[in-house]
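Below is one structure; the comments refer to it alone.
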Amino acid sequence: MAIERTFSIIKPDATARNLTGAINAMIEQAGLRIIGQKRVRITRQQAETFYSVHRERPFFKELVEFMISGPVVVQVLEGDNAIAKYRDVMGATDPAKAAANTIRKVHAKSIGENSAHGSDAPDTAAKEIAQFFAGNEIVG
Ligand code: ATP
Ligand code: MG
């Protein structure tokens, strides 16, 4: 297995309910290391750029409004097979379909307010990390 880095966001529904530590515990329990982390408010423009692949989807406006509705915690996670592993730790997009003991099954409120984001491939992981972190903010 290759050591990879992936990009994570603890979304506003989770920060609002004081779940940063609970979600970080699930991340670390899975063997992923949090090597970069900051709590920020993202701008509308950052949210639109970040989710631009979904620009034509009916939920895009709602998604952007949600992502700017409160603080988020942006993270860089590192570990064996980190991209796929973190997708497993998060569970399916819709919490009703997520496996037991995943972040979304345990914590998400709905398919939109689903507590966590994780990159879906190596190219998007690199791009997303670069959107939010300077090199000296990542300490592996
Ligand atoms: P993410 O990219 O946030 O990790 P994902 O890869 O599981 O999630 P995507 O299909 O990329 O799912 O959707 C991006 C985000 O858009 C979802 O996490 C969710 O917040 C929102 N979303 C997706 N589908 C819907 C929907 N049908 N209704 C409302 N919001 C949705
Ligand atoms: Mg996605």
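Coordinate-derived values only; no laboratory data. Keep in mind the model is a prediction, meaning the values are calculated, not measured. FYI the Cβ positions are ideal-geometry reconstructions off the backbone, even for glycines, and counts take in every protein chain you see.
Might you check whether a residue that is among the charged types (D, E, K, R), farther than 16 Å from residue 9 by Cα and assigned to a loop (DSSP other than H, G, I, E, B) occurs anywhere in the stretch 82-105? Yes; the residues of the stretch 82-105 include at least one that is among the charged types (D, E, K, R), farther than 16 Å from residue 9 by Cα and assigned to a loop (DSSP other than H, G, I, E, B). Remark: pairs (first residue in the stretch 108-119, part of a loop (DSSP other than H, G, I, E, B); second residue near ligand 1 (Cβ under 6 Å from one of its atoms) and of a type in the set (S, T, N, Q); Cβ separation under 7 Å; 6+ apart in sequence or on different chains) = 108/114; 111/93; 114/93.
Checked against the criteria, residue 138 does not count as touching a residue at least 40 places away in the same chain (Cβ under 8 Å) and buried (at least 20 other Cβ atoms within 10 Å of the Cβ). Please find, within the stretch 64-86, the residue that is surrounded by the most Cβ atoms within 10 Å (Cβ to Cβ) out of those that are within 14 Å of ligand 1 (Cβ to nearest atom) and among the polar types (S, T, N, Q). Only one residue tops the list, namely 75.
For the stretch 106-121, the criterion of being farther than 11 Å from residue 8 by Cβ, touching a Ser or Thr at 6+ places or on another chain (Cβ under 7 Å) and more than 15 Å from ligand 2 (Cβ to nearest atom) is met by at least one residue.
For the stretch 120-135, taking the residues that are surrounded by fewer than 14 Cβ atoms within 10 Å (Cβ to Cβ) and part of a loop (DSSP other than H, G, I, E, B), the one that is farthest from ligand 1 (Cβ to nearest atom) is identified as 134.
Looking only at the stretch 93-111, residues that are closer than 24 Å to residue 132 by Cα and either surrounded by 16 or more Cβ atoms within 10 Å (Cβ to Cβ) or in contact with a strand residue (DSSP E or B) (Cβ under 7 Å, 6 or more places away or on another chain) (or both) come to 3 in all.
Tell me whether the stretch 45-55 contains one or more residues that are near ligand 1 (Cβ under 10 Å from one of its atoms), more than 13 Å from residue 9 (Cβ to Cβ) and not in a loop (DSSP other than H, G, I, E, B). Even if it seems obvious, please write down each step before you answer.
Going residue by residue through the stretch 45-55, those that are near ligand 1 (Cβ under 10 Å from one of its atoms) are 50-51, 53-54.
Right, trim to more than 13 Å from residue 9 (Cβ to Cβ) and you get 53-54.
Pick out the ones that are also not in a loop (DSSP other than H, G, I, E, B) and you get 53-54.
Scanning the stretch 45-55, I find at least one residue that is near ligand 1 (Cβ under 10 Å from one of its atoms), more than 13 Å from residue 9 (Cβ to Cβ) and not in a loop (DSSP other than H, G, I, E, B), so the answer is yes.
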